[in-house]
Amino acid sequence: MLRVAFILTALIFIPTGLYLYFLPPTVAALAGVAPLWLARVAGGVLLAWGVATLLGSARPDGLRTGALVGGNLLTVAALLPAVVAGGASLAPGLRTALTVLILLLGALALTAILAYPSRRSRL
């Protein structure tokens, strides 16, 4: 179950990172992203995090599991205020998609915490 949490998290971050990295200028102008390099840097960071998470799924340990949980919860903490505060200004589809993403990343973090084997089971 722990590996599933790693793989599903990677399957969220890798496509998002690739999309942001190769974001067309027309979409960037529509979304209000003024400096296009900012979207490219964010896409590169998300892509690198997704690849690291996917590679970490091969051998999950305490450090990698902590990084997965921390990364997911930090992403939730960054997106949640934006969804709550900008509720009326966001398009309904975008608000729904971000809410689903928040719930999914939170559930994956919780799954990783609960699926990590205790010390007694490893002895």
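Read-outs throughout are calculated quantities, based only on the coordinates presented, and are distinct from any laboratory measurement. All of these numbers come straight from a predicted model, not from anything done at the bench. Positions of Cβ are backbone-derived with ideal geometry, glycine not excepted, and every protein chain shown enters the neighbour counts.
Compared with the alpha-carbon gap, the fully stretched path from Leu73 to Val41 is longer by 9.5 nm at 0.36 nm per residue. For the chain, what percent of Cα pairs sit more than 26 Å apart? I get 27 percent for the Cα pairs in the chain exceeding 26 Å. Of the chymotrypsin sites (Phe, Trp or Tyr not before Pro) found in the range 1-109, those in coil by DSSP whose Cβ has at most 14 other Cβ atoms within 10 Å are Phe22. Treat the range 71-123 as a sphere of radius equal to its Kirkwood radius over Cα pairs and apply Stokes-Einstein at 25 °C in a medium of 0.890 mPa s; give the translational diffusion coefficient in µm²/s, rounded to a whole number. In µm²/s, the coefficient is 196. Extension gain for the segment Val27 to Ala48, taken as residue separation times 0.36 nm less the Cα-Cα distance, is 5.3 nm to one decimal.
With contacts taken as Cα pairs under 8 Å at a separation of at least 6 residues, the range 1-57 carries a relative contact order of 55 percent. The stretch between Ala85 and Ala58, if pulled fully straight at 0.36 nm per residue, gains 5.9 nm over its current Cα-Cα span. Here each label is just a point 7 Å from Cα along the line to Cβ, and for Ala97 and Ile113 those points are 2.9 nm apart.
Gyration tensor analysis over the Cα atoms of the range 29-79 returns equivalent ellipsoid semi-axes of 27, 13, 6 Å (largest first, whole Å).
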